[in-house]
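Notes for the one structure printed next.
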Amino acid sequence: QHKTILTAEQVAKLLNTSNATLRRQLALLNTSYNQIKQDFSKSIAIELLQNNKNTTEVIAQILGYSEARSFSRAFKQWTELSPSQYRSLLS
């Protein structure tokens, strides 16, 4: 069973800071919690797609998407390729 990615509020609590302070500090670095979360999800997705044993359904579940179609849409926004197009470039 996979664990879902922490929320910004949970990360702030772990860092002993407020959510507002976390967001301000990330803004100073020209990023946001959502951007970091998307970058992390994209990296994990790419790694999992490189292993042909993982279906898009399994990857979607690991990343916390409710369905494979939602994951595929997100992946296409990140890379301009569908998961299957990305896999075909690897072969």
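The values are calculated or read from the model by the stated rules, or taken from the named source; none is laboratory data. Here the structure is a predicted model, which is why all the values come from computation and not from measurement. Please note: Cβ atoms are built from the backbone with ideal geometry, for glycine as well, and neighbour counts cover all protein chains shown. The area values use the complete protein model at the heavy-atom level, side chains included, leaving out ligands, DNA and RNA. Shrake-Rupley method; radii C 1.70, N 1.55, O 1.52, S 1.80 Å.
Looking across the range 8-27, the residues that are touching a helix residue (DSSP H, G or I) at 6+ places or on another chain (Cβ under 7 Å), hydrophobic (A, V, I, L, M, F, W, C), part of a helix (DSSP H, G or I) and free of Cβ contacts under 8 Å to residues at least 24 places away in the same chain come down to Val11, Ala12, Leu22, Leu26. Within the range 72-91, being in contact (Cβ under 8 Å) with a residue 24 or more places away in the chain, open to solvent by less than 40 Å² (accessible area, probe 1.4 Å), closer than 13 Å to Ser41 by Cα and touching a helix residue (DSSP H, G or I) at 6+ places or on another chain (Cβ under 7 Å) holds for Phe75, Thr79. Of all the numbered requirements in (1) part of a helix (DSSP H, G or I); (2) at pLDDT 95 or above; (3) of a type outside the set (Phe, Trp, Tyr), Asn30 misses one, and that requirement is (1).
Within the set Ile5, Ile44, the sole residue that is open to solvent by less than 70 Å² (accessible area, probe 1.4 Å) and in a helix (DSSP H, G or I) turns out to be Ile44. Sort out which residues of the range 47-71 are outside any helix (DSSP H, G or I), open to solvent by 40 Å² or more (accessible area, probe 1.4 Å) and under 19 Å from Ile5 (Cα atoms), and write them in order of number. Within the range 47-71, Gly64, Tyr65, Ser66, Glu67 meet the criteria. Taking the range 16-41 as the range and being among the hydrophobic types (A, V, I, L, M, F, W, C), closer than 16 Å to Ala74 by Cβ and open to solvent by less than 80 Å² (accessible area, probe 1.4 Å) as the test, only Ile36 passes.
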